[in-house]
Amino acid sequence: MITGELKSKVDRIWNAMWSGGISNPLSVIEQLTYLLFIKGLDELHTRKEHQAARTGRPIEAPVFAAGQDALRWSHFKQLAMFETVRDEVFPFIKSLGGAGDSGEGSTYTHHMQDALFMMPTARVLASVVDQLDDIDMADRDTKGDRYEYMLGKIATAGQNGQFRTPRHIIKLMVEMTAPTPNDVICDPACGTAGFLVAASEYLVAHHGDRIYQNADAHRRFNEGTFHGYDFDTTMLRIGSMNMLLHGVENPDIRYKDSLAQTDFSEAGDDAERYSLILANPPFAGSLDYESTAKDLQQVVKTKKTELLFVALFLRLLQTGGRAAVIVPDGVLFGSSNAHRTLRRILVEEQKLDAIVSMPSGVFRPYAGVSTAILLFTKTNSGGTDDVWFYDMQADGYSLDDKRTPQPDDNDLTDILTRWQSLEKECGRGRADPSFLVSKTEIADNDYDLSVNRYREVHHEEVQYDPPKMIMARLAALETEIAKSRAELQALL
């Protein structure tokens with residue numbers, strides 16, 4: 001988590017930009033992201049240089065071509081920085097990303113077309129660059145925490161849904177679904193592309209030999225594996241930069257209102273296109289009911305975005321495709337017709353795999369709502385036998401607004417271990433953190449999917465003294481108090 005010292009550094013950078021005339025908090029974040037991206041490109045190129053020096057081979061896929069050293073973070077700090085960044089570096093990062101399959105430019109290039117360099121003066125830029133240079137960028141988790149802290153400074157961050165899903169929760173969901181190079185992965189509410197980045201890291205770590213075995217496999221990884229939608233252009237730019245920094249050169253990240261009715265003749269139909277969905281869709285917010293996709297309304301007639309997104313996931317998945325998504329607890333036990341209908345579809349018509357209930361503090365300080373991870377497979381022919389439930393009590397951090405690290409209080413490793421050995425779960429009792437519940441029992445409970453419906457809680461019987469004994473002790477205490485008060489009064 002972000003430390004007090006790092007918070008102070010971010011606050012000073014924020015104040016420098018604010019006092020310099022950039023008053024919109026989202027603009028502050030966007031401009032900081034551009035600078036962090038420029039710094040990250042220099043660090044990436046430096047790592048490639050070191051690798052080339054060790055192997056004695058030319059630099060593989062260099063970020064900067066020969067003669068472009070002046071555009072690097074470590075170099076332009078020594079030059080006329082403001083003019084260099086504004087006139088050379090910024091146009092350079094807007095043109096990155098390659099041509100893509102169509103030859104019309106990558107999605108990154110498309111999103112960056114409208115990017116603006118808004119640093120008002122050379123003094124403000126120099127101050128921010130110097131302070132960013134003083135922050136360690138090596139730890140990916142620290143990068144995410146710093147960005148999360150910046151978002152927390154926006155009063156409307158929680159309302160707009162632009163808060164970051166904790167990285168350790170994303171990592172758990174990715175590891176539970178275990179992506180393969182054959183997967184086509186989508187996040188229909190991608191924001192800064194955290195899920196897609198984590199999936200790409202998992203693939204590189206576990207299937208790097210297949211990803212880089214030939215040019216076709218590498219091209220598929222770069223251009224055909226990752227897909228994300230969002231209707232916030234700032235998030236699209238940040239997400240595209242995030243993916244590029246993590247080695248995915250041309251992901252399909254595009255502007256789209258995922259729940260809106262689409263003209264398929266113009267936009268193309270994404271139905272049954274993806275084999276894996278990883279998402280934390282917005283739970284609340286404004287919804288234009290009239291423009292909501294009619295096919296989603298046919299599944300669940302509702303204005304609740306969390307229900308419509310689950311219906312959307314079912315439409316986007318291929319048969320046999322799987323999903324790990326975060327939903328508010330209300331989806332699991334809500335009593336409306338839409339809630340019950342959606343749960344019945346998951347249990348009876350699809351294959352519901354697991355429910356991981358999370359404590360309410362996981363998304364603090366942005367929201368205190370209780371949530372769960374929903375894992376299911378699209379079959380269109382049923383297949384649910386037993387549903388695996390896990391009642392997470394701790395995620396390695398305190399559950400208050402401070403989210404202080406508590407590494408000894410962490411269920412995530414246990415969740416993954418048990419999930420990967422489901423054959424051992426059959427004998428577990430309902431008092432354990434995890435257990436299996438049959439489809440029949442779930443149906444008998446009106447498809448209620450809340451863990452508390454099925455978990456047994458054993459209360460220890462507490463033995464109390466008889467009331468007469470308690471009253472006698474109280475009388476003795478009162479006598480002692482009266483005696484002490486009299487002694488004190490005599491001293492006065």
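Taken together, the values in this text are just the output of simple stated rules run on the coordinates, not laboratory data. Model, not experiment: these values are computed from the prediction. So basically every Cβ, Gly included, is an ideal-geometry build from the backbone, and we count neighbours across all protein chains shown.
Per-structure values
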{"read-out": "Charge dipole (the chain, unit charges on Cβ, about Cα centre) - positive-most of Pro405, Ile135, Thr55", "value": "Ile135"}
{"read-out": "FRET efficiency for Lys402 and Leu474, using Cβ-Cβ distance with R0 set to 25 Å, rounded to 0.05", "value": "0.05"}
{"read-out": "The chain, helix-only ellipticity at 222 nm - DSSP H runs n ≥ 4, -39,500 (n - 2.57), divided by all residues, nearest 500", "value": "-13500 deg cm²/dmol"}
{"read-out": "(i) 1.09; (ii) 1.17; (iii) 1.01, with the label sought being that of the calculated Cα Rg over 2.2 N^0.38 Å", "value": "(ii)"}
{"read-out": "Residue list for segment 113-131, given a label point 7 angstrom along the Cα-to-Cβ vector of Asp11 and an amide N cut-off under 20 Å", "value": "127-131"}
{"read-out": "DSSP-defined antiparallel bridges as percent of all bridges, the chain, nearest 5", "value": "55 percent"}
{"read-out": "Protection-proxy order for peptides 171-179, 449-457, each taking the mean of Cβ atoms within 10 Å per residue, highest first", "value": "171-179, 449-457"}
{"read-out": "For segment 352-492, alpha-carbon Rg over 2.2 N^0.38 Å", "value": "1.74"}
{"read-out": "Extension gain (nm, one decimal) between Glu49 and Ser360, 0.36 nm per residue minus Cα-Cα", "value": "107.4 nm"}
